[in-house]
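Scroll down for the structure; my scribbles are underneath it.
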Amino acid sequence: MTRPVRQPRRRPRPAGALALSLCCAALVSAVVTVGPAAAAPADNSARVIALVNQHRRQAGCGPLTADRRLDSLAQSLSDDMAGRGFFDHTDPDGHSPWDRARAASIGYLGGENIARGQPTPEAVVTAWMDSPGHRANLLDCRFTTLGTGLHQGPGGPWWTEDFGYPQNAR
């Protein structure tokens with residue numbers, strides 16, 4: 001199960017305007033429980049970024065670099081989805097990815113992908129690449145940074161990618 005969301009980049013953006021475009025793809029995935037032999041979260045994050053960058057290179061895009069602030073934002077959503085039992089970009093309190101980014105003083109969020117059930121970085125990146133909406137986020141050459149979040153546990157794992165625009169182009 002995966003879902004992408006992205007914010008269209010428009011220049012200039014009117015004050016207070018926030019465009020939210022949701023694109024959902026129905027993908028069949030197995031729900032698995034990852035045991036103690038699973039790779040450490042940092043290893044999974046590095047592997048996701050490496051796999052995404054392979055696809056971006058093939059598409060003629062520059063590489064994404066890890067962003068700690070986006071990592072924290074992505075990890076918070078993965079943990080929240082697991083903890084409160086939902087799977088969506090908008091949390092049960094009605095907060096969108098851009099609401100959460102704004103609360104964390106992040107003004108450069110460009111898009112978000114979520115997934116649930118894929119047991120490895122390879123499986124989740126494959127699922128995202130097989131979905132047009134997720135693929136569009138992954139291969140958007142305007143994005144320059146990436147934050148990843150992974151919550152492992154029964155009913156998951158829950159994956160989140162948060163993509164960022166260049167901070168000086170806001």
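The values are calculated or read from the model by the stated rules, or taken from the named source; none is laboratory data. Since this is a predicted model, take the numbers as computed values, not measurements. Here the Cβ positions follow ideal geometry from the backbone for every residue, glycine too, while neighbour counts run over all protein chains shown. With ligands, DNA and RNA removed, areas are computed over all heavy atoms of the protein, side chains included. Shrake-Rupley method; radii C 1.70, N 1.55, O 1.52, S 1.80 Å.
The candidates His151, His134, His95, arranged from most to least accessible area with a 1.4 Å probe in the full protein assembly, appear as His95, His151, His134. A Förster distance of 30 Å, applied to the separation of the beta-carbon atoms of Gln167 and Asp93, puts the FRET efficiency at 0.65. Using the Cβ-Cβ distance between Ala46 and Arg84 with R0 set to 22 Å, the FRET efficiency works out to roughly 0.20.
Val48 contributes about 0 Å² of solvent-accessible surface, heavy atoms of the protein only, 1.4 Å probe. For the pair Gln58 and Ser105, how long in nm is the line joining their label points, each one 7 Å along Cα→Cβ? About 4.0 nm, to one decimal.
Modelled spin labels at Ala66 and Glu122, positioned 7 Å past Cα toward Cβ, are 2.1 nm from each other. Residues Thr145, Thr126, ordered by accessible area of protein heavy atoms at a 1.4 angstrom probe radius and largest first, appear as Thr126, Thr145. Once you divide the Cα radius of gyration of the range 45-150 by 2.2 N^0.38 Å, the number left is 1.03.
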